[in-house]
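Notes for the one structure printed next.
The values are calculated or read from the model by the stated rules, or taken from the named source; none is laboratory data. Just so it is clear, the model here is predicted, and its values are computed rather than measured. Virtual Cβ from ideal backbone geometry, glycine too; neighbours counted across all protein chains shown.
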Amino acid sequence: MELKDRVAGSVEVLVLSGRFDAFEVPAIIGWFDAHVSAAACRVVIDLAGVSFIDSAAMACLLRGMKRCREQGGDLYLSHLQQPVTIIFELTRLDKAFNIYPSEADAVEALMVAKP
């Protein structure tokens, strides 16, 4: 899996591509450790390049969201491909996350929601 990150305004953006599974979770946890703090707790994860996600990866996203919320921020998702959307719907996690069709929409919504 490939990870690319950048800052959009005051929002950390992580763009993922490839398979997001248990083997990739340590890299994402490491990214959260390096980038999520009280000063930077608003995160958008762009999943446009992810065509497969497993339960370990979803648990990792949930932990990341919890960590952001504990520090007064949030974690939004964007660009879910159809196979990933189906997994989120089957597990009903589409109700737990704020999911947007584009990264720009997610960044804008996060900036408005958390001034």
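Side notes on the structure shown:
Residue-wise test of (1) modelled with pLDDT under 95; (2) in contact with a helix residue (DSSP H, G or I) (Cβ under 7 Å, 6 or more places away or on another chain).
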residue: Glu2; (1), (2): yes, no
residue: Leu47; (1), (2): no, yes
residue: Ala57; (1), (2): no, yes
residue: Cys60; (1), (2): no, yes
residue: Leu80; (1), (2): no, yes
residue: Thr85; (1), (2): no, no
residue: Asp105; (1), (2): no, no
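- Residue match in the range 55-63 (condition: in contact with a Ser or Thr (Cβ under 9 Å, 6 or more places away or on another chain), in a strand (DSSP E or B) and not β-branched (Val, Ile, Thr)): no
- When residues of the range 53-76 are limited to those that are among the charged types (D, E, K, R) and surrounded by fewer than 19 Cβ atoms within 10 Å (Cβ to Cβ), the one farthest from Ser17 (Cα to Cα): Glu70
- Enumeration of residues in the range 90-103 that are surrounded by 13 or more Cβ atoms within 10 Å (Cβ to Cβ) and in a helix (DSSP H, G or I): Glu103
- Consider the range 62-78 and keep the residues that are small (Gly, Ala, Ser) and in contact with a helix residue (DSSP H, G or I) (Cβ under 6 Å, 6 or more places away or on another chain). The one that is nearest to Asp33 (Cα to Cα) is Gly64.
- Just one of the listed residues (Leu110, Leu80) is buried (at least 18 other Cβ atoms within 10 Å of the Cβ) and outside any loop (DSSP other than H, G, I, E, B), and it is Leu110.
- Test: residue in the range 19-26 that is assigned to a helix (DSSP H, G or I) and closer than 22 Å to Arg92 by Cα: yes
- Criterion (in contact (Cβ under 8 Å) with a residue 12 or more places away in the chain and closer than 21 Å to Leu110 by Cβ) met by exactly one of Val44, Val25: Val44
- Checking Leu3, Leu16 one by one, the residue that is crowded, with 21+ Cβ neighbours inside 10 Å, touching a residue at least 12 places away in the same chain (Cβ under 8 Å) and under 14 Å from the mean Cα position of the chain (by Cα) is Leu16 and no other.
- Among the residues listed as Ile45, Ile87, the single one being surrounded by 15 or more Cβ atoms within 10 Å (Cβ to Cβ), part of a strand (DSSP E or B) and touching a strand residue (DSSP E or B) at 6+ places or on another chain (Cβ under 9 Å): Ile45
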